[in-house]
Structure formats: C-alpha cells, structure tokens
1. Please go through (1) open to solvent by 70 Å² or more (accessible area, probe 1.4 Å); (2) at pLDDT 90 or above for F217 and return the number of the only condition it doesn't satisfy.
2. State whether one or more residues within region 168-175 are open to solvent by less than 20 Å² (accessible area, probe 1.4 Å), free of Cβ contacts under 8 Å to residues at least 40 places away in the same chain and not acidic (D, E).
3. Residues to consider are L81, L4; find the one that is open to solvent by 40 Å² or more (accessible area, probe 1.4 Å), among the aliphatic types (A, V, I, L, M) and more than 26 Å from I269 (Cβ to Cβ).
4. Go through region 233-266 and count every residue that is surrounded by fewer than 16 Cβ atoms within 10 Å (Cβ to Cβ) and modelled with pLDDT of 75 or more.
5. For the subset of region 109-148 comprising residues that are small (G, A, S), in contact (Cβ under 8 Å) with a residue 12 or more places away in the chain and farther than 15 Å from K185 by Cβ, which member is least open to solvent (accessible area, probe 1.4 Å)?
6. Report whether or not F80 is farther than 17 Å from L315 by Cα and under 25 Å from the mean Cα position of the chain (by Cα).
7. Could you figure out which of (1) out of contact with any His (no Cβ under 8 Å at 6 or more places or on another chain); (2) under 24 Å from C320 (Cβ atoms) isn't true of I7?
Amino acid sequence: MNILLTISIFNKHFNITNKHKIFIVLIAASISQFIYANYLMSEILLQFLIILLCYAFQNTITKKSLWWLFGFQLIIVLLFLTKPVFYLFVIPNILICIWLSKYISKAAFFSLIPVLALVMYMSWNEQRTGHFEFSSIQNLALKNYNLLYFQTNKYNKDYAHKINDKIDNEIAQLDSYKEKQQAIKSLSTQYIKKDFLSYTWFHFKGSFRMFIDPGRFDLYNFFNFNNKNEVGFLEHLNSNGITGAFNYFKKQPIIIILLLPIILILNLIKLFGFGKFWITNYKTVSPVLWLAFFIIIYVTLLTGPLSASRFLVPLLPLYCMFASLGLLNLQKKIIN
C-alpha cells in the first residue's frame with residue numbers, strides 16, 4: 001500500500017510508470033523495511049501517514065479542496081499522536097497553510113486544527129501530571145542520549161556518566177514531576193550550551209548517520225542473536241571512533257559481517273541518488289515533493305545523535321523514490 005501510494009504521488013510529476021524498477025530494487029534492498037513490517041511498532045504506520053500526508057497535500061493543491069485540506073490537518077494530528085517527534089510540525093504547518101491560501105482562501109485558519117489538538121492533549125497531560133508538556137521522551141532523550149553520547153564522544157565515557165549521575169542526583173531532590181522535568185531540560189541544556197559549537201557539529205553528524213547506518217541492531221533482532229547487555233556500534237563509535245567500531249565489527253557473527261558491508265554500499269548508493277536528484281532538479285520540483293523533502297530533513301535533524309536505520313524506515317519510500325530518480329537521471333547521462 002505504502003509503495004503504491006508513493007508511486008502514485010510521483011507519477012503526477014515524472015513519467016515513471018514503466019521506469020520505477022530502480023525504486024523497487026532500492027526498496028527491496030532496504031532490509032529494515034521488511035524487518036519492521038513484521039514488528040508491532042509504529043514505524044510502518046508512521047510511514048503510511050507520512051505518505052498519506054503528501055498525498056493529501058497534493059490533492060489539496062490540484063483539487064483546491066477544503067476536504068483534502070481538512071484531511072491534511074487531521075493527518076498531522078495522527079502523526080504527532082503516533083510519534084512525538086511530529087508535535088513540532090504544527091509550526092511549519094502554519095507557514096504551509098499560509099502558502100496554501102493562494103489556492104484556497106482562508107486556508108491559514110485550518111492550521112489551527114493541529115494546534116488546538118496539541119494544546120488539548122498537553123492540557124490533558126497537565127491535569128494528570130501537573131506539567132504542561134506533550135511527552136517526557138524529549139527530556140529523557142536530551143539527557144540520556146544527546147548529552148551522554150556527546151560528552152562520551154568529546155571527553156570520555158566516565159566523565160559523561162559522571163555528569164549524567166550528577167543531574168540524576170539533583171533531580172532526585174525535587175518533589176514534583178513538573179520540577180523534575182524542568183530540571184532535566186534546564187541542566188542538560190546548560191551543559192550543551194557550554195560546548196554549543198561542538199555539540200552542533202556532533203548533532204549534524206549524528207543526523208547524517210541515519211542515511212548510512214546498515215542496521216546492526218535490526219539484524220541482531222531479526223536473526224534472534226543474543227544482544228543482551230551488549231554495547232552497540234553507536235557507543236563504540238562515540239567512545240573509540242572508527243577504529244573502535246571496526247574492531248567491534250570483526251567480532252560479529254559471520255552473517256552480520258557479510259550483510260553489513262553490502263547494506264552499507266547500497267545505503268551509500270541511495271544517498272548519492274538522493275543528493276543527485278536534488279542537485280539536478282531543485283529549481284523545477286513541485287510543492288508536494290518539496291514537502292516530502294522537508295519531512296525527511298525535519299525527521300533527520302530532530303532525531304540527531306540517535307539516528308539509526310530504524311528512524312529512516314518511515315521515510316524510506318519517499319527517500320528511495322528520490323534516490324531512484326537521481327540514479328535514473330545519471331543512467332540517462334551515461335547512456336547518452
């Protein structure tokens with residue numbers, strides 16, 4: 001369903017009806033697509049909602065339909081209820097709806113639908129916890145992953161855990177849930193601000209890793225290898241650099257050693273095709289494809305140092321379609 005809907009969206013803009021073999025190959029080469037289709041997790045559902053959002057946006061423009069615009073807003077609500085990373089999408093959605101006003105009068109008012117839904121949900125959380133927030137996961141990720149991984153990378157593992165424990169001790173002295181959440185955010189942010197430039201570079205590098213990560217963790221789970229209490233590539237990479245990650249790689253099961261380089265090469269090919277498409281076509285791309293591109297960048301940047309192959313799964317059909325078109329353009333140039 002997701003694959004067919006993606007092809008339908010792109011067929012409106014490119015004559016690829018009989019030329020999407022590369023796209024099918026790239027999807028087939030994305031093992032994580034098939035792994036997470038067999039798990040009861042949010043990735044494939046989120047993938048469907050992202051593609052459906054692009055489809056609704058396309059129909060809103062082409063049909064100048066209030067109903068499709070209304071559906072577009074409802075899908076945004078479903079997106080942030082499925083995955084908290086999308087709750088901030090209400091901000092760019094306001095700008096999108098203002099832009100849509102040239103197609104549909106008063107379209108900007110529709111952007112209030114996700115905002116109201118978000119405020120209602122956060123108010124409900126405030127009634128239950130005393131803190132006006134969408135989710136606690138952002139603060140936990142900020143402390144336990146972003147800050148911890150960054151300090152491990154820049155300083156060392158012992159120092160990073162020492163700072164993390166120090167924050168935990170300060171939080172333990174507070175009484176209310178609200179105070180604890182505010183303290184996690186405040187203290188973690190203070191340490192990040194002290195190394196702002198270094199952290200910014202670390203964050204961008206981590207974000208980029210999403211596109212090339214071959215998915216060792218995914219393969220371990222898929223093949224039921226024992227992964228209990230084992231430190232993964234990401235921590236080895238942050239702690240010991242490429243050398244440490246390579247030494248760890250040599251100790252993996254033989255099927256992992258065989259598959260990971262192949263997947264890595266295919267991921268680099270997809271990344272090349274994706275970049276090639278946008279470098280070649282950015283001046284002539286339609287609004288719906290710009291939306292798809294923005295969603296990919298949005299998820300990538302907000303995921304940051306946590307980036308891994310799993311986080312690319314919701315974006316895979318759109319990403320692989322861009323990559324296939326970029327590779328198709330390259331193929332035509334080589335033939336000609």
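1. That leaves (2) as the condition not met.
2. Yes.
3. Numbers: L4 fails: more than 26 Å from I269 (Cβ to Cβ).
Checking each option against the conditions leaves just L81.
4. 9
5. Our first condition is that a residue be small (G, A, S); within region 109-148, this holds for 111, 117, 123, 130, 135-136, 141.
Those still in the list that are in contact (Cβ under 8 Å) with a residue 12 or more places away in the chain too: 111, 117, 130, 135-136, 141.
Subset that is farther than 15 Å from K185 by Cβ: 111, 117, 130.
Numbers: S111: 6, A117: 30, G130: 38 Å².
Among those residues, the one meeting the criterion is S111.
6. Details: farther than 17 Å from L315 by Cα: no; under 25 Å from the mean Cα position of the chain (by Cα): yes.
When the stated conditions are applied, F80 does not pass them.
7. (1)
For (1) small (G, A, S); (2) surrounded by fewer than 21 Cβ atoms within 10 Å (Cβ to Cβ); (3) within 20 Å of the chain's Cα centre (by Cα), each residue gets a yes or a no:
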residue	(1), (2), (3)
K12	no, yes, no
L26	no, no, yes
I31	no, yes, yes
I51	no, no, yes
N59	no, yes, no
K64	no, yes, no
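The values are calculated or read from the model by the stated rules, or taken from the named source; none is laboratory data. Bear in mind that the values here come from a model prediction, so they are computed numbers and not experimental data. Ideal geometry is used to build each Cβ from the backbone, glycine not excepted, and the neighbour counts take in all protein chains shown. Side chains included, ligands, DNA and RNA excluded: accessible areas come from the protein's heavy atoms. Shrake-Rupley method; radii C 1.70, N 1.55, O 1.52, S 1.80 Å.
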